[in-house]
Amino acid sequence: MKKSPNKKIGYTVFILAMLLFPALANPKWLAIGSTFLIFSVVGLSEDIILGKGGMFNMGHALFFGIGAYTAAIANHTFGIPILYAIPLAILIPALCGIILAGPIIHLRGDYLLVATIGFNIVFLQLVENDIFGITGGPNGIFGLDTPTFLGFDLASPTAIYYLGVAVLLLTFYVMANLDKSKAGRALHYLRLDDLAANSIGINTRGYKIFAFGLGAGIAGLAGVLLAIQYSAVSPEAFNFMQSVLFFSIVLVGGSSLPGILMGTFVMFVLPEIFRDFATWRYFIFGFAMILAMILRPEGIFPARFGKIPDYFKKG
Amino acid sequence: MDIFFQQLVNGLTIGSIFALVALGYTMVYGIMKLINFAHGDLVAMSAFVGLSVYDQFLGGTTNSLVAVLTIFAATGVIIAMAGIILERVAYRPLRNAPRLSAVVSALGASLVIQNGIMLIWGPRMRFFPADILPATTWNIGGVYISFIQVVILVVSLLIMAGLIFFIDKTRVGAAIRATSIDHDASRLMGIDVNRIITLIFVIGTFLGAVGGLFIGLYYRGINFNMGWNYGLYAFVAAIIGGIGNIPGAMVGGMLLGIFKAFIAGYVSSTWADAFTFTLLIAILVVRPTGIMGERVAEKV
Amino acid sequence: MNKKNNIMFEVKDLEVSYGSIKAIKGISIQVAKGEIVTILGANGAGKTTTLRTISRLHDPNAGTILFKGEDITTTPAHKIVSMGISHSPEGRRIFGILTVEENLILGSYSQKSTDKKTLNWVYDLFPRLAERKRQLAGTLSGGEQQMLAIGRALMSRPEMLLLDEPSLGLAPILVKAIFKTVKEIAHSGVTVLLVEQNAKAALKLADRAYVLEVGKLVLSGTSKELLASEKIQEAYLGKKRK
Amino acid sequence: MNKMVRVITAFLLFFALSGASAMASDTIKIGVQAPTTGQYANEGQGIDQGVRLIAEQINAKGGILGKQIEIFTCDDEGTAMKAAICAKDLVNKGVIGVIGSYTSTCAEAAQATYYRAGVLQTTDGTSDTLTEHGYWTFFRNSFPNSAEATYTANYFINVKKYKRIAIVTDFSSYSTGLGSSVEAEIKKLGGNIVYQGKIKAGAQNYTPVLTKIKSKHPDVIYFSGYYNEAGLLRSQQMQLGVTADFYGSNACDNPDYIKLAGKFAEGSYLINVPSPELLPYDLAINFLKDYRAKYKMDPPSIWTLLNIDGMRAFLYAIEQTGTTDTKKLAEYLHTIKDYPGITGPIQWAPDGNRTGSAHQTYEYQADGSKKIIYPVVK
C-alpha cells in the first residue's frame, strides 16, 4: 500500500488525537473510549476473516469470548496474573479458530454464516452451563485481579485506555504487514475469485484457515482487554448479537483501517451518545443502518486496493 | 410409550410453526439470495397486530369462527403490507449492491421492527386472552392433545399443501420458480421480476403472520423481542431442508421441532441449543446443501 | 439491402457502459422485416451487450431503440417480449430444475395462456424436445439445451428473435442442424438478429451482417460482400493473407 | 483534507461536547440502576417510579439536610455488561448511593465499581454471592436465596411431605443459584429429587421438558425463575395433564404470572416474602396509596417496595448522621436495629445481608388473589 502524504498526516493526527484523548474526556467517556479501542481491534480482526478473506463469519464474538474467558479462568481458577495469561489468550482462540474453521471452510457464503452463528451459540451454552465448573455459569466471572505493570495499576481507566491504544497500534501494524505479505495477497485473490485462485496454485483452504486463526487470535487479545477493563467476563458480552455488531462494524465502515474505526464509532459509540433517547435509540439506529447501506453499499470507507469489477462482488 | 407420542405431538406443533416461518425465509432466499433477518420480527409483530385487532374490534368475542378468521385475515393483510414496505425500503435499493450490504440492511430492518413493536406496544409481555379458541384437551391413551394443537397442525398442513400446489401447478408458481433460478432469463420470458418479488414477500410474510398468530394463541404471552428466537430456529429449519426448497422448509421445520422435543425430553433440556446447533453444523459439513438439497441456481 | 424500405427494427447511436467501462460506443443497426441479420465480432466486442440492451436487461447511456416505429428505449424488460421481441440469451440460461415442457410454457408467459399450436410447432422444429418433455432441463445435452433455449424463445410467437451464440460449444454437426432450424424459423416469418463468433456459419445463414470491434461498428454489408472481404476472411474466417 | 482528519474532528467534537457536563451542585444525588427497558422493564420501571415518588415527597418537605434529592436513572437492560457501564456512569455523576438493580446478575456486575468508588448500593437481588465479597458499600434489602432455600426445603419435606420433587430453573444466575440451594437443602433433609433441568428464558415452548417431567411422576414441580416462564410452565403443565403441585419462587411474584397462567393459576403456589397488598404496616398502606395516586397503577411487585426500603434506610442514615460521607453512613446503617421499613423491620448483618426472614407460601385463588397457607396465621 502506497501512503500518500495526506494519508500520513491523517494517521499521525489520528494517533495524536488518540493519545491526547484521556486529557479531554471525563471518566465515562474514557471508559467508552477504551471499549471503542477494544471493539476496533475486534472489528479489525473480523475484517481479516470477513473483509479480506471474504468469509461470512457471523460468530466472531466466539473468539473474543474465548480470549476473555481464557484470561479470566487463568486468573480466577489458576491464579495466573492476567498479563501472563495473554499468550494463552491469543493461542487458544487462534487454535479454536483453526480447528473450527477446518470442517466448515468449504461452505458457501450464507451457509458459513449460519455455521459460525451455530458455533457462537454452542459456545454460549457451554459457558452458561458452567462447563468443567470454571466459567462461572450465567453470571460469568467477577472480581478478577487488577494487573499491575512496573507499579502502574493497569485497571485504572487511563491505563486500560492506553493499553487499548497499544493493542490497536499493534493490530494496525499486523494488518499493514498482512497487506504486504504473501498471505495478504493470496487472501485478496481468493476473495476475488476462489476458483481462479485455486487454479493458479494458491492453497485457498490453507489461507482461509490461516485467516480464521489470525483473526481469532487478535480477537482473543482484545478479549483479555475487555476482561481487564471490567474485571469481569459474562456470557452475554459474547452472544450472537455481539457477533452481529462486529459483522456490521466491518460492513458499515468498510473493509479498511479508517473504515473499521468509523464502523466501530457508528455502531458502538453513537448509540452510547444517544443513550438518553433510550427507547427510540435502536429504532432510529436500525434506519440508519439501512440508510448507510443504501448510500454506501460498500461501507463508509471501502477497501481501496485495486479496482474490483462489480460482477465479482455479487454472489 | 405415551411419553414418546406426547413428545411427537409437542414437536409437531412447534415444528409446524417453525415450518410456516421457515417458508418465508426460504422463499425470499430462493428469489433474492438474501437472508431476511427481519422476517422473525415481522412474525412477532403479527402476534401483536392480531392481539390489537382482537382488542379493538372483537373485544369479548370468544369461541367464534368469525372472530378468529377476522384476526387472521386482518393481521395477514397488515403484515403482508409491512412485508412489501420492508422490501421496498430496505432491500430493493440494494438489489445490485454487494450481498453483504443487504444482510446489514436486513439486520437494521430487524432492529427497526423489533424496537417499533416496543414503541407501539411497550416492552412488557402482552397476553392473548385464553378464550379466543375453545380450551378443549383430549386425552388419547395418556397423550394430551389440545384443540389449538390440532388447529395448528391441520391449518399448517393445509396451507403448505396449498402453497405446494400453487408453486408447482400454476403459471405464476412456475414464474416464481423461474425467477428463483435466473432473474434475467425470467425477464426475457416476460416475467415482471419486481412483481414476483413483491408477491414472494406477500406470501412469505402472510405465512409468517399465521405462524405469529399461532404463537400468540398457543403460548398466549408475547414479547417484542421474541421474533429473533423463532426467526433463528426457522432459519435453521430452512437450512436443514435445503434453502430455497419449499417442501424442504416444511420438512426441516417439522424435523427441527421433533428433534428439539426429543432432545429436551430424552437427553437434556440444559443442552438443547448446543445439540441443535451442533446437529446443524454436522448436517452442513456432511451435506452442505441441506438434507433435501437446495433449490438455488448455481452462480453463472 | 433489398428490404431496406421495410425497416422493422432500428438501433440509433447506442452507447452502453458497465460502471466506468464503455462497452458500446455508439452503434446503429437496422433490421428489416423477415431478414436474418448477424452481428459478428470477437469476444468482448460488445455483441452480447447489444442484445441485452435491446431486451432491456441493461440500460443504455445514450441512443434510441425503435421497434415497429415505437420507441422501446425505456420499456421495462418484461414488457419487451409481449411487444414481439424474444431473446434466446448467451449461455442458453434455461431453467435447469424445471422440466423441458415447463421451460417452454414459461416461454409463453407473456401470452395469457399457452397456445397448444405453438407448442406443437416447437416440438415439430425440435423433435428431441418432444421426446424429453418430462425430463429436467438441466439433464439435457448441450445441443438439446440450445434447442430448448430457442424453442422457449419461440413460445411467445415473436416477430423478431434475438439469438445469442447458438453455436457456442456445440459439435459442428449440431451447429449445422441448429442453423438449419433457424433458417426454417426465419422462413416462417420471424425476423432474426443473430450474434455469432462462428462467422462462417453465420454469414452463410444471414442476409446481412455487422461487424463489431471493441464496442464500435467497423464494417457492415450483405453476407456476400462480407464473405468476399479480405479483412473478414483474415480476421474471422481464419484465412491467411496470400 | 483527508477523510481521516475529518473523522477525527468529528470524534473530538463528540467527546468534547459530552465531556463537560458533570458539574458540582448542591443536591444529594441518588442513582437508580434498573432495567427500565428489556425483559424486566416492568420491574425496572416500578423501582424507578417508586424511588422518584419518595424523592418527590421528601423534596416537597424541604429535602434532607436542607438539600434537594436528585435522582439519576441508568437503564441496565437486565444485562451484566450494561450494568457495568451503568455503574461507571452513575459513579461519574457523583451519586452517593444507588438503588437497584432488579436482577442479582446486574447488581453483582456493578458491585465492585460501587465499592471502589465508595458508593452505597442497595438491591433486592437475592443471590447469595452478592454478600460473599464483604463490600462495606453493599446492603441487601431483600432476603438471600439461602434463607428462601431453607424455608422451601423445610416446607416441602417436613410440612407437605413431598416424595418426588422436580426442580426447574432457567439459565440466569438468580435462578440457578436458588435452584441449587434448594436442591442442596432438600438433599440435606433426605428428600427425593426426581428431575432437575434448565429451560431457556424467552423460548416459550416448554412442553418437551414438561413431558419429560411427567414421565418421572413427581408430586411437586418447583420453578426458581421469573414470572413469564413460570406462567407459561404452569399453563403448559396443566394442558399436558401433569397433575403435580406447582411452586414458583420469589421472582414469579408478578401479576403477569396470573395473566399467563390464566385459569390454571388457581391452585398453584408461590413462595416469597409478603406481597405489597398483604403487608400489614401502615407505612406500606400509605406508600401504596401514594403510588397509586401518582402513577394510576400498583407497583409491579414486592421488589419495588424492598428497594424503596433500601432507599429509605439510606435517607434515614443521612438524616441521623447529618453527613453524606458514605463511609460514616455505612457504619451507621450497620448499627440500626428494627428500623421500620415498608416491608418490615430492617437491620443488616456485617456482610450486608438483611437479617431475618419473612418467607411465606401463598396459594392462588380463583379470583387471582393470594392466600397465605404457611406459616399458618394465628
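About the Cα centre, and with charges only on the beta carbon of Lys, Arg (+1) and Asp, Glu (-1), how big is the dipole of the protein assembly as shown? Nearest 20 debye, please. Please report the intermediate quantities before stating the final value.
On the way: 109 positive and 86 negative charges, 928 e Å.
My answer is approximately 4460 debye.
Ignoring ligands and nucleic acids, what accessible area does B:Phe262 show with a 1.4 Å probe (Å², nearest 10)?
Only protein atoms counted, so the area is about 40 Å².
Under a Cβ-only charge scheme (Lys and Arg +1, Asp and Glu -1), can you give me the dipole magnitude of chain A about the Cα centre, in debye to the nearest 20?
On the way: 20 positive and 15 negative charges, 267 e Å.
Dipole magnitude for chain A comes out near 1280 debye.
For chain B, restrict the atom set to alpha-carbon positions and state the Rg and Dmax in Å.
Rg then Dmax for chain B, in Å: 19.0, 59.
Counting only C-alpha contacts under 8 Å and six or more residues apart, can you give the relative contact order of the range A:5-240 as a whole percent?
39 percent.
So for chain D, averaging the separation of alpha carbon pairs under 8 Å that are six or more residues apart and normalising by length, what relative contact order in percent results? Mind showing how you got there, number by number?
Details: 745 pairs, mean separation 58.0, N = 378.
Over chain D, the number comes to 15 percent.
Find the centroid of the Cα atoms in the range C:102-154 and in the range D:283-334, then give the distance between the two in whole Å.
Their Cα centres are 82 Å away from one another.
Chymotrypsin sites (Phe, Trp or Tyr not before Pro) within the range D:129-177: which are DSSP loop residues with at most 16 other Cβ atoms inside 10 Å? If you can, show how the numbers build up before the last one.
On the way: sites: D:Tyr135, D:Trp136, D:Phe138, D:Phe139, D:Tyr151, D:Tyr155, D:Phe156, D:Tyr162, D:Phe171, D:Tyr174; in loops: D:Tyr135, D:Trp136, D:Tyr162, D:Phe171.
Sites meeting the loop and neighbour criteria: none at all.
Just how far, in whole angstrom, is the range B:1-61 from the range B:222-300 if you go by their alpha carbon centroids?
14 Å
Restricting to DSSP loop positions (anything but H, G, I, E, B) with no more than 14 other Cβ atoms inside 10 Å of their own Cβ, which GluC sites (Glu not before Pro) remain in the range D:91-193? All intermediate terms of the calculation are to be shown ahead of the outcome.
Working: sites: D:Glu108, D:Glu132, D:Glu148, D:Glu183, D:Glu185; in loops: D:Glu132.
Those that pass, being in a loop and sparsely packed, are D:Glu132.
For the range A:5-240, compute the orientation-averaged projected area of the C-alpha convex hull (one quarter of its surface), in nm². All intermediate terms of the calculation are to be shown ahead of the outcome.
Details: hull surface 55.5 nm².
Quarter of the Cα hull surface area: 13.9 nm².
Could you put D:Arg312, C:Arg152 in order of accessible surface area, largest first, with the 1.4 Å probe and the full protein assembly present? Display every interim value, and only then the final one.
Details: D:Arg312 45, C:Arg152 0 Å².
The ranking, largest first, comes out as D:Arg312, C:Arg152.
Which trypsin sites (Lys or Arg not before Pro) in the range A:1-90 pass both tests, a DSSP loop state and at most 14 other beta-carbon atoms within 10 Å?
Answer in residue order: A:Lys2, A:Lys3.
Per residue of the protein assembly as shown, what 222 nm ellipticity follows from adding -39500 (n - 2.57) for every DSSP H run with n ≥ 4, rounded to the nearest 500?
Values: 47 runs with 670 residues, N = 1235.
The per-residue figure over the protein assembly as shown is -17500 deg cm²/dmol.
Once R0 is set to 22 Å, what does the formula 1/(1 + (r/R0)^6) return for the Cβ-Cβ distance between A:Leu91 and A:Ser156, expressed as a FRET efficiency to the nearest 0.05?
Values: r = 28 Å, r/R0 = 1.26.
With a Förster radius of 22 Å, E is 0.20.
In what order, largest first, do A:Leu261, A:Leu19 sit by accessible area if the probe radius is 1.4 Å? List each step's numbers first, then the result.
Working: A:Leu261 5, A:Leu19 70 Å².
Result, largest first: A:Leu19, A:Leu261.
Between D:Glu56 and D:Lys161, what FRET efficiency comes out of the Förster formula 1/(1 + (r/R0)^6) with R0 = 60 Å and r the beta carbon distance, rounded to 0.05? Write out the running numbers ahead of the final one.
Numbers: r = 50 Å, r/R0 = 0.83.
Between D:Lys161 and D:Glu56 the formula returns 0.75.
Can you bin every Cα-Cα distance in the protein assembly as shown into 20 Å intervals starting at zero and give me the percent of pairs per bin, rounded to whole numbers?
Bin by bin from 0 Å, the calculated values are 10, 35, 33, 15, 6, 1, 0.
If you find the alpha carbon centre of the range B:67-98 and of the range D:179-244, how far apart are they in angstrom?
For the range B:67-98 versus the range D:179-244, the Cα centre distance is 39 Å.
Hey, with R₀ at 51 Å, roughly what FRET efficiency would A:Ser199 and C:Glu184 work out to, going by the Cβ-Cβ distance, to 0.05?
Details: r = 42 Å, r/R0 = 0.81.
The formula returns an efficiency of 0.75 here.
How much of the DSSP beta bridge set in chain D is antiparallel, as a percent to the nearest 5?
Working: 13 of 47 bridges.
Rounded to the nearest five, the antiparallel share is 30 percent.
Contact order normalised by length for chain B, with contacts defined as Cα pairs under 8 Å and 6 or more residues apart; what percent is it? Can you show the working numbers first?
Values: 477 pairs, mean separation 112.1, N = 300.
It comes to 37 percent, rounded to a whole number.
Between 0 and 90 degrees, rounded to the nearest ten: what's the tilt of helix C:172-187 against the longest Cα principal axis of chain C?
Here the helix axis deviates by roughly 90 degrees.
Longest segment of chain B with no trypsin sites (Lys or Arg not before Pro) in a DSSP loop having at most 16 other Cβ atoms within 10 Å?
Details: sites that count: B:Arg95, B:Lys299.
It works out to B:96-298.
Which order do you get for B:His183, A:His106 if you rank them by accessible area with a 1.4 Å probe, largest at the top?
Final ranking, largest accessible area leading: A:His106, B:His183.
The values are calculated or read from the model by the stated rules, or taken from the named source; none is laboratory data. Note that the structure is predicted; figures quoted are calculated from it, not measured. Quick reminder, even Gly has a Cβ in these numbers, built from the backbone with ideal geometry, and neighbours come from all protein chains shown. Side chains are part of the model used for accessible areas, which takes the heavy atoms of the whole protein and leaves out ligands, DNA and RNA. Shrake-Rupley method; radii C 1.70, N 1.55, O 1.52, S 1.80 Å.
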